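Step one of this worksheet: look at the structure below.
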Amino acid sequence: YMGLARSDPMSFVADYARAREASAHTNADDIEEIAAKVRKGEIEPNAGRVAIDAYKWTAGRKLPKKYGTMPVAVKHSGAVGTFDPTGMTDEQLSHLAAVLTGAPVEGGDAPPSEGGDAPEGEC
């Protein structure tokens, strides 16, 4: 394959990616076949489990976005800021502490979102 890579690198990369994807799909198909053979009694369950795990592992490495076990990437588009409680009143801080610790909120046992006594818009 080195000759192909040197003559047209971009074409080689695209072909290689397509081949890895096709191979991963083939691994997934093989998993279905092995499972069917286990159900029919043609393969011992433990041997089938080992083969299926191997196919799952290789498919996950070849095409992680579809067959991988770990999230590939998380894109965050929102702003990241800090919480500054210095402008809050003592009552607001007490309420916040109660909500964060799960303690009963003053004026009732349930937090405002669950039917407590706080007016709408105040937490």
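The values are calculated or read from the model by the stated rules, or taken from the named source; none is laboratory data. Here the structure is a predicted model, which means the values were calculated and not measured. As a convention, Cβ positions derive from the backbone with ideal geometry for all residues, glycine included, and neighbour counts pool all protein chains shown.
Data overview
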{"item": "Members of segment 18-64 found to be loosely packed, with under 14 Cβ neighbours inside 10 Å and part of a loop (DSSP other than H, G, I, E, B), listed by number", "result": "Gly41, Glu42, Glu44"}
{"item": "Only one of Ser113, Ser77, Ser94 that is modelled with pLDDT under 80, hydroxyl-bearing (Ser, Thr, Tyr) and not in a loop (DSSP other than H, G, I, E, B)", "result": "Ser113"}
